[in-house]
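Report on the structure given below.
Every number in this text was worked out from the coordinates using simple rules, so none of it is lab data. What you see is a predicted model, and the numbers here were worked out from it, not measured in a lab. So basically every Cβ, Gly included, is an ideal-geometry build from the backbone, and we count neighbours across all protein chains shown.
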Amino acid sequence: MQWLRDDWAKTAGPVTVVRLLRKHPRLLPAPYFPSMTPRRPSEVLELTVALDYGQFYLTGQHVPHESGEALVQLLETAIKGVGIASSEGNEVVVVLSPHQNNFAMRLRIELWATQPPDDLDDWQEAFVTGLVVGEGGLAYESPTLAYETIPVPPGRYAAWITGRGFVNRGWPGSTTPGDAWRVRLWPASGPIPARRLRSWSGPAPTTP
């Protein structure tokens, strides 16, 4: 079936065109339909947090069986695996950073109504996982440092976790090396296994 020609539409008149499209909606080509992908998040939260020991945790909900030992197991899974690990229900997520530390790390949280556009090529590290958030919001934490509570509404989310601005692996040369992370959240129907999407193959620090 041919697309509706612009010159015919102009001579037929708007009423005739509308009637025809209602009867034969396939006459309207795909470019006429607006994209269903949102162009911007519904809410953005900008924070400055601290990272140490090359790792941070995102906790959306504390469950009775979770303990320090369970967190250690998640950390071991992330270290031996792909740099990220999640509890079975996505209540807790452990993420490894190439940098050993950053005591002024920028963290951006974005809330989206649906899956956001893919800009992963702009990031050095990228992961996907799920996060379930309870009434207390989302907690950011790194070993030996105070945690931050982030006012994310309760719900189950899919999450893209991305980082960039890395200079090497391990000691970055200062306590404020300038790397930044972003977490994009949008609604999900169930748990999502944690996996890596992009990996930065930067250099390890040189030995004096």
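Using +1 on the beta carbon of Lys and Arg, -1 on that of Asp and Glu, and nothing else charged, what's the dipole of segment 91-172 about the Cα centre, debye to 20? Don't jump to the answer; show the numbers that get you there.
Values: 5 positive and 10 negative charges, 41 e Å.
It comes to approximately 200 debye.
So what's segment 43-198 giving for Cα Rg divided by 2.2 N^0.38 Å, two decimals?
Numbers: Rg = 14.3 Å, N = 156, 2.2 N^0.38 = 15.0 Å.
Here the answer is 0.95, to two decimals.
Compare the peptides 68-76, 45-53 by average per-residue count of other Cβ atoms within 10 angstrom and give them in order, highest first. Walk me through the numbers on the way to the answer.
Numbers: 68-76: 13.4, 45-53: 16.2.
Sorting 68-76, 45-53 by mean packing, highest first, produces 45-53, 68-76.
In nm, to one decimal, how far is the Leu47 label point from the Asp119 one, both placed 7 Å along Cα→Cβ?
2.0
Hey, can you rank 140-148, 127-135 by average C-beta count inside 10 Å, highest first?
On the way: 140-148: 15.8, 127-135: 20.4.
The most tightly packed comes first, giving 127-135, 140-148.
For segment 123-195, what percent of Cα pairs sit more than 16 Å apart?
On the way: 1591 of 2628 pairs.
When every Cα pair of segment 123-195 is considered, 61 percent fall beyond 16 Å.
Could you rank the peptides 194-203, 174-183 by their average count of other C-beta atoms within 10 Å per residue, with the highest value first?
Numbers: 194-203: 14.3, 174-183: 17.8.
Most protected by this proxy first, the peptides run 174-183, 194-203.
May I ask you to compute the full-extension gain from Ile79 to Arg40, defined as 0.36 nm times their residue separation minus their alpha-carbon distance, rounded to one decimal in nm? Mind dumping the intermediate values first?
Values: separation 39, 0.36 × 39 = 14.04 nm, distance 3.35 nm.
That pair, Ile79 and Arg40, stretches by 10.7 nm at full extension.
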